[in-house]
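The values are calculated or read from the model by the stated rules, or taken from the named source; none is laboratory data. A quick note: this is a predicted structure, and the numbers were derived from the prediction, not measured. Heads up, the Cβs are rebuilt from the backbone with ideal geometry, glycines too, and the neighbour counts pull from every protein chain shown. These area figures cover heavy atoms from the full protein model, side chains too; ligands, DNA and RNA do not enter into them. Shrake-Rupley method; radii C 1.70, N 1.55, O 1.52, S 1.80 Å.
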Amino acid sequence: MTNLTFTPNTPLVAPSLLSADFANLQHALATVQGAGADWIHLDVMDGHFVPNLTFGPPVIAALRPHTTLPLDVHLMVTNPDEHLAEYRKAGADILTVHAEACTHLHRTLCRIRELGAKAGVSLNPATPLSAIEHVLDQLDLILIMSVNPGFGGQSFIPQSLEKLKQAKALVGNRPIYVEVDGGITPTNAADVRAAGGQVLVAGNAVFKAADMALAIMGLRG
Ligand code: DX5
Ligand code: ZN
């Protein structure tokens, strides 16, 4: 079983399978777990909310038996509510929706928790933190996008550091993970952690590294 007990201030690394070889995801999972990953980040894209398509519940269900790590599912989709139960059934431990895609965000977050998953909200770079100010008690994770979602391998948007500091202040002592996604490298990881990013998502920085274990250790600091 996966362990998702909240541990404040412990840096965690969540490699994104988006940068792995899609023809060999089982191997990617084994390699990255062996290299010391904390969570597995799964990027679901629907071709509407973002201009790219990846995978959905059947692929997540196929991956589930091949890792004991928590599956951190990032839903970049227009109507997340319609499929939440399917993602949970497929084995998602954390379900993160985009605030921009949820008309009734409070209801969506309550539903995720009812399904037995941790509830996350992601904010695009242009979306203010005020979007989640009134749902903090329904939240287990805030995902600050440090690139515009849709593709791996983009450059970190520097303003994200200030937003992270504000997110950290907003969260206070609540048991909420602050996660950061997009353009994280060995060079900026220390700044990201110092600004309040506890969970670092990394695609290219892990999967394109010569030594994955070293890369993960470096990001964790
Ligand atoms: C972008 C995805 C990210 C992406 C990160 O839309 O949400 O998870 O895979 O990839 P890197 O770390 O390469 O920017
Ligand atoms: Zn992501």
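Distance from the Cα centroid of the stretch 1-49 to that of the stretch 172-195 is 16 Å (rounded to whole angstrom). Charge dipole (Cα centre; +1 on Lys/Arg Cβ, -1 on Asp/Glu Cβ; no other charges) of the chain amounts to roughly 320 debye. Taking amide H as placed 1.01 Å from N in the peptide plane, the amide H of LEU42 sits under 5 Å from that of ASP72, VAL73, HIS74, each at least 5 places away or on another chain. Computed from phi, the 3J(HN,Hα) profile of the stretch 29-35 under the Karplus parametrisation 6.51, -1.76, 1.60 (θ = phi - 60°) reads 4, 4, 5, 6, 5, x, 7 Hz, with x in place of Gly and Pro. Couplings 3J(HN,Hα) of the stretch 128-133, computed from phi: x, 5, 4, 4, 10, 3 Hz, in residue order, whole Hz [Karplus 6.51 cos²θ - 1.76 cosθ + 1.60, θ = phi - 60°; x for Gly and Pro]. Note on the stretch 103-221: Cα Rg divided by 2.2 N^0.38 Å, N the number of residues, gives 1.08.
A cut-off of 5 Å between modelled amide H atoms, ignoring neighbours fewer than 5 places along the same chain, links LEU143 with VAL121, SER122, LEU123, GLU179. Counting only heavy atoms of the protein chains and using a 1.4 Å probe, MET217 has close to 110 Å² of accessible surface. Element breakdown for the stretch 12-220 at a 1.4 angstrom probe: carbon and sulfur atoms account for 53% of the accessible area.
Rounded, prolate or oblate, given the Cα gyration tensor of the chain, with a/c below 1.5 counting as rounded? It is rounded, given that a/c, with a ≥ b ≥ c, falls under 1.5. Among the lysines of the chain, pairs that are 8 or more positions apart or on different chains and have alpha carbons within less than 23 Å of each other number 4. Taking other residues whose beta carbon is less than 14 angstrom from the beta carbon of VAL201, and scoring Lys, Arg as +1 and Asp, Glu as -1, yields -3.
Applying 1/(1 + (r/R0)^6) with R0 = 22 Å to the Cβ-Cβ distance of THR78 and GLU133, what FRET efficiency is obtained, to the nearest 0.05? Spell out each step's value before the answer.
Values: r = 23 Å, r/R0 = 1.07.
Approximately 0.40, to the nearest 0.05.
With the helix formula -39500 (n - 2.57) applied to DSSP H stretches of n ≥ 4, the chain reaches a computed 222 nm mean residue ellipticity of -8000 deg cm²/dmol. Across the stretch 163-212, the mean sequence separation of Cα contacts (distance under 8 Å, 6 or more residues apart), normalised by length, yields a relative contact order of 41 percent. Looking at the stretch 12-220 alone, DSSP beta bridges between its own residues are antiparallel in about 5 percent of cases.
Normalised Debye scattering of the stretch 4-114 at q = 0.21, 0.23 Å⁻¹ gives log10 I(q)/I(0) of -1.21, -1.36, counting only Cα atoms as equal scatterers and leaving out solvent.
Taking all protein chains together and a 1.4 Å probe, the residues CYS102, CYS110 rank CYS110, CYS102 from largest to smallest accessible area.
In the context of the full set of protein chains, the chain has a per residue accessible area of 44 Å² (1.4 Å probe). Taking θ as phi - 60° and the Karplus parameters 6.51, -1.76 and 1.60, the scalar couplings of the stretch 75-84 work out to 8, 9, 9, 6, 10, x, 4, 4, 10, 4 Hz in sequence order, x denoting glycine and proline. Modelled spin labels at THR185 and THR5, positioned 7 Å past Cα toward Cβ, are 3.8 nm from each other.
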